[in-house]
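Below is one structure, written out as structure tokens; comments come after it.
The values are calculated or read from the model by the stated rules, or taken from the named source; none is laboratory data. Small disclaimer: the values here were computed from a predicted structure and weren't measured. Neighbour counts run over all protein chains shown; Cβ positions are idealised from the backbone, glycine included. Side chains included, ligands, DNA and RNA excluded: accessible areas come from the protein's heavy atoms. Shrake-Rupley method; radii C 1.70, N 1.55, O 1.52, S 1.80 Å.
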Amino acid sequence: MPHSVRPDRKAHVPRNPDWEATVRASFARQKVMHLIGAEMGALAPGHCEIRLPFRDDLTQQNGYFHAGITSTIVDSAGGYAGLTLMPAGADVLTIEFKLNLLAPADGDFLVAEGQVLKSGRNLVITRGEVYAIRAGKATHCATMQQTLMTMHPKKEK
């Protein structure tokens, strides 16, 4: 009888009771998200979605969203997914990510989804997916794996 080699994932449990307010306040302070017109979508423990409407000034020479813009929103989606699970007073910093571009980011808007794979005390591993949406049809255009660092609050002496 076949069985799954992938164990059931446990539900993510935030260590900060005010995780949602913390994440939304951090997003509001992120000036690059304002600059490009990105908006936070769905948010849950271990998950974050960022949406970006098409603008001509965010494109490359062929009229697609630029890869740098695509990577910017998925980096933030993964980072905020990680922040949802970090302790109160902590902040998040990306220390590494790898992005594979799967198709041109050609759409009316992009949706980047970040999902925590493993949340440790100091390091958090996430994955991210980006979809270009055109006329209601989603095209998977990028995938990312990311390592985040938990920036713990400094202890008072």
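Place a +1 charge on the Cβ of each Lys and Arg in the chain and a -1 charge on the Cβ of each Asp and Glu, then give the dipole magnitude about the Cα centre in debye, rounded to the nearest 20.
Roughly 600 debye, rounded to the nearest 20.
For the chain, what is the calculated [θ] at 222 nm in deg cm²/dmol (nearest 500), taking -39500 (n - 2.57) for each run of four or more DSSP H residues and dividing by its residue count?
Numbers: 3 runs with 34 residues, N = 157.
Using -39500 (n - 2.57) per qualifying helix, the result is -6500 deg cm²/dmol.
In whole Hz, with x marking every Gly and Pro, tabulate ³J(HN,Hα) for segment 56-66 from phi via Karplus 6.51 cos²θ - 1.76 cosθ + 1.60, θ = phi - 60°.
Couplings: 4, 6, 9, 9, 9, 5, 9, x, 8, 3, 5 Hz.
Whose amide H sits under 5 Å from the amide H of Thr59, counting only residues 5 or more places off or on another chain, with H placed in the peptide plane?
His66
Check which residues have an amide H placed less than 5 Å from Leu117's amide H, if you skip close sequence neighbours.
Residues meeting the amide H criterion: Ile125, Thr126, Arg127.
Of the options Met33, Gly114, Val124, report the single residue whose Cα projects farthest towards the positive end of the charge dipole of segment 1-127 (beta-carbon charges: Lys, Arg +1; Asp, Glu -1).
Val124
May I ask which residue of Ala42, Phe54, Leu101 lies farthest towards the positive end of the charge dipole of the chain, with charges of +1 (Lys, Arg) and -1 (Asp, Glu) on Cβ and the Cα centre as origin?
Towards the positive end, the residue furthest out is Ala42.
Accessible area per residue, 1.4 Å probe, Å², for segment 34-96: what's the number?
Result: 41 Å² of accessible area for each residue.
Pull out the extension gain between Gln145 and Asp91, defined as 0.36 nm times the separation in residues minus the alpha carbon to alpha carbon distance; nm, one decimal.
On the way: separation 54, 0.36 × 54 = 19.44 nm, distance 1.94 nm.
Value of the extension gain: 17.5 nm.
Using a 1.4 Å probe on the protein chains only, how many percent of the accessible area of segment 13-73 belongs to carbon and sulfur?
Taking all protein chains in place, segment 13-73 shows 55 percent carbon and sulfur surface.
Given a cut-off of 23 Å, what percent of all Cα-Cα pairs of the chain lie beyond it?
Within the chain, distances greater than 23 Å cover 38 percent of Cα pairs.
Across the Cα atoms of segment 67-157, what radius of gyration and what greatest pairwise Cα-Cα distance (Dmax) are found, in Å?
Every Cα atom of segment 67-157 included, Rg and Dmax give 14.7, 57 Å.
Spelling out what I want: for every residue of segment 141-149, take phi, set θ = phi - 60°, compute 6.51 cos²θ - 1.76 cosθ + 1.60 (Karplus), and round to whole Hz; glycine and proline get x.
Once rounded to whole Hz, the list reads 10, 7, 9, 9, 10, 9, 10, 10, 10.
Sequence-distant or interchain residues sharing an amide H contact under 5 Å with Thr84, placed H: which?
Amide H neighbours of Thr84, under 5 Å, 5+ apart: Gly46.
Mind checking the angle between helix 19-29 and the chain's longest principal axis? C-alpha axes, 0 to 90 degrees, to the nearest 10.
Tilt relative to the chain: about 50 degrees.
Please give the charge dipole size of segment 37-101, origin at the Cα centre, charges +1 on K and R Cβ atoms and -1 on D and E Cβ atoms. Round to the nearest 20 debye.
Charge dipole of segment 37-101: 100 debye, to the nearest 20.
How much accessible surface area, in Å² rounded to 10, belongs to the heavy atoms of Ile36 with a 1.4 Å probe?
In the full protein context, Ile36 sits at about 10 Å².
Please list, in order along segment 90-103, the HN-Hα scalar couplings obtained from phi with the Karplus expression 6.51 cos²θ - 1.76 cosθ + 1.60 (θ = phi - 60°), rounded to whole Hz, x for Gly and Pro.
Values, residue by residue: 7, 9, 10, 9, 6, 10, 5, 7, 10, 10, 10, 8, 9, 7 Hz.
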